[in-house]
Amino acid sequence: MRCFSVDYLNNAANSPESFIAEGERLYFEQLTSAAEEVYKQRAEKPIVLISGPSGSGKTTSAVRVAETLKKKGCGAHVVSMDNYFLPLKKDKQLHGEVIDFESPERLDMELFRKHLEMLNNGEEIDIPGFDFAKQDRIPGMKLKREPGDLVILEGIHALNPLVTGESDDYTHRIYVSVRTRIQLGDELLHPSKIRLMRRLMRDKLYRGRELSETFEFFKSVERGEDLYIMPHKHRADHDIDTFIEYEASVYRDLLLPELEKTAPSYEGYSEFADIERFLRALSGIDKKYVPENALIREFVG
């Protein structure tokens, strides 16, 4: 387990360009190592599955792996498994019961397994689209894997055999998440709180959600991670720590004012007050220094 003290991070933040460059280098080295193995096994395993909990950086990691493969002259296509969500009106869970939005049962598993086999066989598939606002399917796109190409599918359930079926022989599996902790005195900030910071900013920026709403969602998200994601991470061929050393310093000035506004009115704030304590202790870094292709751009815009 890696751990960085607040003092170390604040000292490094005095030279933001070099601090950011080093954080990006360490993350990219992990992706490059995984991409090298994917490339070597591309003939036997042309499908890549990338899983990880909410806020782990699956989307950016998938795109960066694809970019690395393309530089080697290998065609690579990235597909989000969110496209395979079932419309709520057809969801078998809708019988007056509370919907478990984290469950793999929310996915059209039968169609997904069929498409995995077709992609492996080089057949064209018709990927559905999904409108989250309407919770309904929309027209998607067609995809055909040409000989030598790789298809990268990313989603929280990408390592769950209930979802992926009998695909182990032709899939390469990658698990991404935050593994590193930040230390302030004797207190450690759990990696899940780093991911929560990412989600707080993304939900505010892209989904118009108040922080209190994301806090409430986080409880069910954590339950879903324990039930449906963590039990399958051991199936991964590669385990990538997506913590970026400088990220909390960038989040400080973006997130701290929103936390201060939320604290007085949100009853359960004490459960998340450690985020505020750590951010207050950090020196801020302006996001203008962050590269456009950096993982944290997925969350800060």
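Does the stretch 39-66 hold any residues that are crowded, with 24+ Cβ neighbours inside 10 Å and of a type in the set (A, V, I, L, M), and which are they?
Answer for the stretch 39-66, where residues must be crowded, with 24+ Cβ neighbours inside 10 Å and of a type in the set (A, V, I, L, M): VAL48, LEU49, ILE50, ALA62, VAL65.
Of all residues in the stretch 2-25, which are at pLDDT 95 or above, under 22 Å from the mean Cα position of the chain (by Cα) and either outside any helix (DSSP H, G or I) or within 13 Å of GLU247 (Cα to Cα) (or both)?
Once the filter is applied, which keeps residues that are at pLDDT 95 or above, under 22 Å from the mean Cα position of the chain (by Cα) and either outside any helix (DSSP H, G or I) or within 13 Å of GLU247 (Cα to Cα) (or both), the stretch 2-25 yields CYS3, PHE4, ILE20, ALA21, GLU22, GLY23, GLU24.
Identify all residues within the stretch 135-146 that are free of Cβ contacts under 8 Å to residues at least 40 places away in the same chain and exposed (fewer than 11 other Cβ atoms within 10 Å of the Cβ); write none if there are none. Give the derivation first.
Keep residues of the stretch 135-146 that are free of Cβ contacts under 8 Å to residues at least 40 places away in the same chain, which gives 138-139, 141-142, 144.
Correct list: PRO139, LYS142.
State which residue is farthest from ILE244 (Cα to Cα) when the search covers only the stretch 281-292 and only residues that are surrounded by fewer than 13 Cβ atoms within 10 Å (Cβ to Cβ) and touching a residue at least 24 places away in the same chain (Cβ under 8 Å). Step through it out loud before you land on a result.
Going residue by residue through the stretch 281-292, those that are surrounded by fewer than 13 Cβ atoms within 10 Å (Cβ to Cβ) are 286, 288, 291-292.
Among the residues that remain, those that are also touching a residue at least 24 places away in the same chain (Cβ under 8 Å) are: 286, 291.
On the way: ASP286: 15, PRO291: 13 Å.
Selected residue: ASP286.
With the structure loaded, tell me whether ILE99 is β-branched (Val, Ile, Thr) and assigned to a loop (DSSP other than H, G, I, E, B) or whether it fails that test.
Values: β-branched (Val, Ile, Thr): yes; assigned to a loop (DSSP other than H, G, I, E, B): yes.
Yes.
Closer than 17 Å to LEU196 by Cβ and β-branched (Val, Ile, Thr) - does that describe any residue in the stretch 270-283? Can you show your working first?
Of all residues in the stretch 270-283, those closer than 17 Å to LEU196 by Cβ come to 270-280, 282.
Narrowing further to those that are β-branched (Val, Ile, Thr): 275.
Yes, because at least one residue in the stretch 270-283 is closer than 17 Å to LEU196 by Cβ and β-branched (Val, Ile, Thr).
Yes or no, residue by residue, for (1) among the small types (Gly, Ala, Ser); (2) surrounded by 17 or more Cβ atoms within 10 Å (Cβ to Cβ); (3) without any contact (Cβ under 8 Å) to a residue 12 or more places away in the chain; (4) not in a strand (DSSP E or B):
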site	(1), (2), (3), (4)
LEU205	no, no, no, yes
GLU213	no, no, yes, yes
GLU222	no, no, no, yes
LEU227	no, no, no, yes
PRO231	no, no, yes, yes
HIS234	no, no, yes, yes
ILE240	no, yes, no, no
ALA248	yes, yes, no, yes
LEU254	no, yes, no, yes
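Looking at the stretch 43-52, can you tell me whether even one residue there is farther than 23 Å from GLY122 by Cα and part of a helix (DSSP H, G or I)?
No, because not a single residue in the stretch 43-52 is farther than 23 Å from GLY122 by Cα and part of a helix (DSSP H, G or I).
Exactly one of (1) closer than 30 Å to SER283 by Cα; (2) out of contact with any Phe, Trp or Tyr (no Cβ under 8 Å at 6 or more places or on another chain); (3) touching a residue at least 12 places away in the same chain (Cβ under 8 Å); (4) not acidic (Asp, Glu) is unmet by ALA13. Its number?
(2)
Could you grab me the full set of residues in the stretch 171-192 that are closer than 19 Å to GLY224 by Cβ and crowded, with 21+ Cβ neighbours inside 10 Å?
Residues satisfying the conditions are TYR175, VAL176, SER177, VAL178, PRO191.
Quick check: is even one residue across the stretch 170-179 at pLDDT below 95, in a strand (DSSP E or B) and within 21 Å of SER51 (Cα to Cα)?
From the stretch 170-179, those at pLDDT below 95 are none; that's our starting set.
No, the conditions are met nowhere in the stretch 170-179.
The values are calculated or read from the model by the stated rules, or taken from the named source; none is laboratory data. Every value quoted in this text rests on a predicted model; they were computed, and no experiment measured them. Here the Cβ is made from the backbone with ideal geometry for all residues, glycine too, and neighbour counts use every protein chain on show.
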